[in-house]
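The values are calculated or read from the model by the stated rules, or taken from the named source; none is laboratory data. Note that the structure is a prediction, hence the values are computed from the model and not measured. Methodologically, a virtual Cβ is constructed for each residue, glycine included, from the backbone with ideal geometry; neighbour enumeration extends over all protein chains shown. Note: areas computed on protein heavy atoms with side chains; ligands, DNA, RNA excluded. Shrake-Rupley method; radii C 1.70, N 1.55, O 1.52, S 1.80 Å.
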Amino acid sequence: MRGVVVEQSPVERTEDVEKDKKKKRRSNRRSKQNSSVSAACSSVNEMRREASEFVGSGSTSNYVISNECRLPGASDVAFHSLPTMHINEQAGSHEGGTMQNQLMFQSDSAERTFSKSCPELIACEESVRSYANKDFLLSHQICNAQRKCFVPHWSMEAVNGALEKGDIFKALFRVNAHNRVEAYCKIDGVQVDVLVSGIDAQNRAVEGDIVAIKIDPLSSWTKMKVSTGTLNNSALMDDYNLLPEVTELVNDSGKGKNKIEANYEYVNYTNCLLLPEKRVHCESSSFSGKNVHSELIESTGYNYVNGFCVPALDPSQAGCSSERNEIASAVGKLCVMVSSFPSKRPTGRVVAIIERSPRRDAVVGFLSAKQWDTNREGYKKDSKKKKNSLLSSNREFIMLSPTDPKFPKMMVFVRDLPDCIKKRLDGGDVTVEMELVAARIDNWWEENDVPQARVMHVFGRGGEIEPQIAAILFENAILSSEFSFESLSCLPNVPWDVPSEEFQSRRDLRNLCIFTIDPSTATDLDDALSVERLSNGIFRVGVHIADASYFVLPDTALDSEAQIRSTSVYLLQRKLPMLPSLLSENLGSLYPGVDRLAFSIFWDINLAGEILDRWIGRTVIRSCCKLSYEHAQDIIDGLFDVGSFDTLKNRCPQLHGHFEWSDVITSVKRLHEISKTLKENRFNDGALSLESSKVVFLFDEDGIPCDSMLSGREESNFLVEEFMLLANCTAAEVISRAYPDSALLRRHPEPNLRKLREFEAFCSKHGLELDTSTSGRLHHSLEWIREKLKNDSVLFNILMSYACKPMQLATYFCSGEFINNENDWGHYALAVPLYTHFTSPLRRYPDILVHRTLSATIEAEEMYLKHKRLFPKLKKEEMTRRCFTGICFDKDAAESIEGQEALSAAASKHRVPCAEILAVVAAYCNERKLAGRHAKDASDKLYMWVLLKKKGILLSEARVLGLGPRFMSIYIQKLSIERRIYYDEVEDLVVEWLDSTSTLVLNFSTNKRFHKRGSLGKCRMLEDVAMVTSPYDLKPALDLSEDRENEGGTSQIEGDTGVSSGDRAPISDIIEMEPAVFPLTVHLLSTIPVALHAIGGDDGPLDIGARLYMSSYFR
């Protein structure tokens, strides 16, 4: 039962047993227990704002765990939390599959129902300190000797049998970041996630596990908390994240360090991922100069099949068709129940862990060294009194607090710590707890309240950038070590020239005006453009992609390492490449003035944007210049004056070959006009754009962030994007037709219907019409809203952020997985039936596979036509037409005996993987792509934290997104982040919540606040909620630009932002902010002043705190 916190009372005994206990217990023993309960009570207020942690209370009662939900008896209640408070009493349903960037506003983190088993205290910052004391250790060991804390997991044999019968379901386990007692399980095919509430029901599952869950009876299901037209409590971002780069149609074509990743990776990642059995961790050598101790570095373990590293397949996926039908039938029945009771959310409990999360091997956190040192003194005293004490030194442990609130606290045996840590602990060095460490969960037995972990790495001080970056890479299993000698040996020596035989088999395009458009700092130039004017208003547009597959051959060490890395990871100030720099920044990069191998696609396009013909093949090109986005934009705007290059904000690019600047300028302008037509046609055909601004950072000479600003993209960005999208669609069409069973494609499912309806209801309540019936109509509705809110850009950005929430994740897949249902191949946002990734082979492994499949298709076409030429009766056009790669696909030719033989032989030569292997590779690439996105988000958060740490306090306006009697959710436009402000149980603050109008009134009180008997403990201080200044002290408080003079002239923007300097508004430029005054009346979407500051670092997880910015004469 939710909404009540129940702890088994220490005095819950029969009278006879209690009398016997009193005779045996000493008075000091009883007092310690009472103080433990008191500490827990006093910590509840703090815990309301933290992710709840549940630990053993030390009670020695011996009850059997109840498997079913039950109502607590009166004697079970030790204390109550306040009733569950939701924004407008409507909490958002939190899908377990939602991205990490999504806040989960749910019930109070203190709320939990305990069964009569392994009673646990609810711990927070204060109560955790008593968690590892000697009383707990002693009682914990006694507790372990008498009873189990959790029910045993089912055997895999029982799980497989129950899965086949449909008695249980396989699901992905996701934890509420704001309330760890709540988890959600995503069952494939079920539109609503299953709530797993309570530590007992979670049964030792952790974030990311693949679990077997048993659904509770319908009578136990909880009420679905749906939106009634207000922005509900499921906010957009978890902890901190920049606004997600929204659309794949905006981002999927991007390349280079500062071109936006294209993926919808911020939404509902629910697929079960097949990962290597052993993880790849950051190696200490990657962080030179830092004290990174690698006590345990695991090597990667893969099975290789035809050159592809393939993780072991899940045995639960095997089975006959009748078994799969049973599972499908069970899922169907559950869907019917969910549909029949839309106001109910299904609940369940974990009965087994089918596949352990990779996150178990990469937990980052801090050790509680001070508490351990205090407890050690107690151990010594007890050891003198008790010769046979259970608390021998080799049984000592220290607590580890993960930085991710989704994970529980863990115990680490001191004997297993790295020697460097043990020496410091023995010397009384409590600064050990300032070190950021990484650990692995070794086990979590039924007898243990918390998991047992082992420290694997010590990264360094938590408040420094390098240790934090190292931890981010470790946590996401991103390989940062140098490339192996075997991989580098696969590449030719430099200087390197295109071999003469390549000119015989490729089309020579070195006399064509080809150029690149990239961020000014980009070094891996993997795409170039060209355009020629033909007759009758027809233009021949060319996209030329670096031919990385020429160098990355199948069954080589380089290919294996590229697949393991899967994608380049771009962090601020750092790039972790998928391929060695010798290839990605030299041999393969399309630098101007040098011959390079390419894969080219040409289209003949008329003025209406119609494609009349196309050609695909391997080429040799020589780019004439490298343009930045600023250069291209200046050309579009008519500001590119060849005679006055010194007026440009960037230095003039060098022009190579026999071309003139007029050739380049004319080409850019033609491409711009064609791209506008293609873009217009695309949106008329139903494409969706969720374009929004993003935060970019300015850095000083030392690489430290000194400022930030919001920026958007300009027409030069969209010019490149449009042709990259066209190239990707063309490649997808060609390979899926030639190899319908083994084409690597990319799909984007339709959005979550329930969340889409909630967003629609919110817009409707505020007088904004929204048509969500198709992606195209949704796009046109948002454009209409954009025009209507042109004077309120903040609100529109908020709406665009919430429009992203229903969107599902775009993923790679093998066409053979959906061979019987091609309707699932489509891309919702792009509104195209086929899509893949072809344009970035220097930084994405899937693109290399697509290149190989295209090469096989082209060669099969040549083989087939060569065979046809042996028959002189055929017409000339039949012997030369492109039957596999042209606009008109010859299905009869592909299905003929000769065509099948040609396709099969070409696939074997170019090592096109079979459907089974390709499906596994696709799943792994999905996981790596998402890990790279998480690493980037964490890096952005880190640099934002460093920026605020440097500034101290940042004053800003914020919009109220969610409102309730306990907390509000606010959106800060300057930083594109969302935060919570809690105001319940605060000294000197009177809170009045008007439920009928959803209005909040906060007032300052000078009266001493008294608490009712049995209240939850001391209140928080007003300073925790509001930065209150006196009107006399406003000027010093408002000065935010103390470092501005020193920063001037040395700041640099990380990459191109796509906006002119006049459009930028650095946060330091704002030097005046009016505080609010008491009483403060707040409504939904109100604008309020807030004060932002950095939290944590050396003493805890990084975070950005928000407080009200108020003024009062009473302070």
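With all protein chains present, how much of the accessible area of region 753-807 (probe radius 1.4 Å) comes from carbon and sulfur, to the nearest whole percent? Walk me through the numbers before you get to the answer.
Working: 1240 of 2450 Å².
Solvent-exposed carbon and sulfur of region 753-807 make up 51 percent of the total.
Note on Gln573 and Asn823: their simple-model spin labels are 5.2 nm apart, each label 7 Å out from Cα toward Cβ. Volume per residue of the convex hull around the Cα atoms, evaluated for region 836-988, comes out as 219 Å³.
What does the C-alpha gyration tensor say about the overall shape of region 584-636? Classify as rounded when a/c is under 1.5, otherwise prolate if a/b is larger than b/c, or oblate. All intermediate terms of the calculation are to be shown ahead of the outcome.
Numbers: a/c = 3.15, a/b = 1.23, b/c = 2.57.
Oblate shape, in that a/c is at least 1.5 and b/c is the bigger or equal ratio.
Work out the P(r) tail for region 706-834: percent of alpha carbon pairs separated by more than 23 Å, whole number. Counting every Cα pair in region 706-834, those more than 23 Å apart make up 48 percent. Amide H contacts of Met224 (H built 1.01 Å from N, in plane; Pro and chain starts excluded): Lys344, Arg345 sit under 5 Å, all sequence-distant by 5 or more or on other chains.
Going by average Cβ density within 10 Å per residue, which order do the peptides 720-728, 209-217 take, highest to lowest? Don't skip to the answer; put the middle values down first.
Values: 720-728: 24.8, 209-217: 21.6.
So the peptides 720-728, 209-217, ranked by packing, come out 720-728, 209-217.
Is there a pair in Lys409/Lys929; Lys679/Lys805; Lys148/Lys214; Lys223/Lys755; Lys186/Lys694 whose C-alpha atoms are over 26 Å apart, and which pairs would that be? Please list the in-between numbers first.
Details: Lys409/Lys929 28 Å; Lys679/Lys805 24 Å; Lys148/Lys214 21 Å; Lys223/Lys755 16 Å; Lys186/Lys694 30 Å.
From Lys409/Lys929; Lys679/Lys805; Lys148/Lys214; Lys223/Lys755; Lys186/Lys694, over 26 Å: Lys409/Lys929; Lys186/Lys694.
Taking the 1.4 Å solvent-accessible surface of region 500-588 as the whole, the part contributed by carbon and sulfur is 45%. Note on Glu916 and Asp685: their simple-model spin labels are 3.7 nm apart, each label 7 Å out from Cα toward Cβ. Distant-in-sequence amide contacts of Ile187, defined by a placed amide H-H separation under 5 Å and a gap of 5 or more residues or a different chain, comprise Val194. Shape annotation for region 753-807: C-alpha extents along the principal axes are 30, 19, 18 Å, from largest to smallest.
Annotation for Arg869 and Glu673: the two label points, set 7 Å from Cα along the Cα-Cβ direction, are 3.9 nm apart.
Starting from one equal scatterer on each C-alpha and no solvent at all, send me the Debye-based log10 I(q)/I(0) for region 476-617 at q = 0.12, 0.17 Å⁻¹, two decimals. Values, matching the q order: -0.60, -1.03. The residues of region 699-822 expose on average 36 square angstrom of accessible surface per residue, using a 1.4 Å probe on protein heavy atoms. Karplus-derived 3J(HN,Hα) values for region 426-438, using 6.51 cos²θ - 1.76 cosθ + 1.60 with θ = phi - 60°, are 5, x, x, 7, 7, 5, 4, 6, 8, 7, 7, 10, 10 Hz; glycine and proline are entered as x. A straight line joining the Cα centroids of region 496-568 and region 808-870 runs 18 Å. Amide H contacts for Ser692 (H built 1.01 Å from N in the peptide plane; partners 5 or more residues away or on another chain; cut-off under 5 Å): Val246. Scalar couplings 3J(HN,Hα) for region 779-795, obtained by applying the Karplus form with A = 6.51, B = -1.76, C = 1.60 to θ = phi - 60°, are 4, 5, 5, 5, 5, 5, 5, 4, 5, 5, 9, 5, 9, 9, 5, 5, 5 Hz; x denotes Gly and Pro. Full extension of the chain between Thr1006 and Glu862 gives 43.1 nm of extra length, using 0.36 nm per residue less the Cα-Cα distance.
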